[in-house]
Amino acid sequence: MKIRIYYDATDTGGIVYHTKYLEFCEQARSEIFFSNNIFFENEGYVVKNLEANFIKSAKLGNIIEVKTIIKEIKSASLNIVQQIYKEDTKIFETNIKLVYLKNGKISKIPQKHIKILNEYKN
């Protein structure tokens with residue numbers, strides 16, 4: 001998913017705030033489902049834990065690309081890596097464990113989700 005950096009994502013020096021990288025990754029994860037006509041109601045994925053590595057900065061006007069790689073799919077959770085690139089340079093990486101919730105309870109990931117997620121598996 002490609003994203004242009006706008007002023008609201010930056011500080012007065014035009015450098016992207018550190019929390020915005022996590023937002024960009026969330027948007028890319030959501031887009032995987034939205035682009036497959038899956039919209040969540042009383043269900044969804046929540047972050048159980050994450051590790052973030054800030055490598056370089058993005059700046060106002062840059063176009064970045066968020067890449068999502070599914071590392072492991074379990075019955076109710078998945079482990080993913082998301083990387084953000086500016087041109088061909090990796091500037092951010094996060095390892096995330098997501099848990100699937102339905103009606104507020106940990107639940108088995110639906111088969112139609114697994115089919116979609118497998119397209120991003122490495």
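Among the listed pairs LYS74/LYS105; LYS20/LYS121; LYS97/LYS121; LYS2/LYS86; LYS48/LYS112; LYS48/LYS105, those whose Cα-Cα separation exceeds 20 Å are LYS20/LYS121; LYS48/LYS112. For THR10, the residues whose modelled amide H falls within less than 5 Å of its own, excluding neighbours fewer than 5 places apart on the same chain, are TYR17. Using a cutoff of 8 angstrom between alpha carbon atoms and counting only pairs six or more residues apart, the relative contact order for the chain works out to 28 percent.
Of HIS113, HIS18, how do they rank once you tally other Cβ atoms within 10 Å and put the fewest first?
Fewest-to-most ranking of HIS113, HIS18: HIS18, HIS113.
I need the shape label for segment 73-119. Rule: rounded when a/c is under 1.5, else prolate if a/b > b/c, else oblate, with a, b, c from the alpha carbon gyration tensor. Taking the square roots of the gyration eigenvalues as a ≥ b ≥ c, segment 73-119 is prolate. Near LYS121, the amide H atoms lying under 5 Å from its own belong to ILE70; only residues 5 or more places off or on other chains count, and H is placed 1.01 Å from N.
This ranking places ILE80, ILE73, ILE106 by how few other beta-carbon atoms lie within 10 Å of each, fewest first, which gives ILE106, ILE73, ILE80.
Every Cα-Cα pair in the chain was counted, and those over 26 Å apart are 24% of them. Karplus-based coupling profile of segment 63-79, in residue order and whole Hz: 10, 10, 10, 9, 10, 10, 10, 7, 8, 7, 10, 10, 5, 10, 8, 8, 10, with θ = phi - 60° in 6.51 cos²θ - 1.76 cosθ + 1.60 and x standing for Gly or Pro.
A cut-off of 5 Å between modelled amide H atoms, ignoring neighbours fewer than 5 places along the same chain, links ALA76 with ILE109. Our helix-only sum for the chain, with -39,500 (n - 2.57) per DSSP H run of n ≥ 4 divided by its residues, gives a mean residue ellipticity at 222 nm of -6500 deg cm²/dmol.
Across segment 50-62, coupling constants 3J(HN,Hα) worked out from phi with the 6.51/-1.76/1.60 Karplus curve, θ = phi - 60°, read 8, 10, 10, 10, 8, 9, 9, 9, 9, 10, 3, x, 4 Hz, and Gly and Pro carry x. Applying the Karplus relation 6.51 cos²θ - 1.76 cosθ + 1.60 with θ = phi - 60° to segment 8-16 yields 3J(HN,Hα) values of 5, 9, 10, 8, 5, x, x, 9, 5 Hz, where x marks Gly and Pro.
Quick note: the coordinates plus some simple rules give every number you see, no bench work behind them. This is a predicted model, so every value here is computed, not measured. Because the Cβ atoms are built from the backbone with ideal geometry, glycine has one as well, and the counts that use them run over all protein chains shown.
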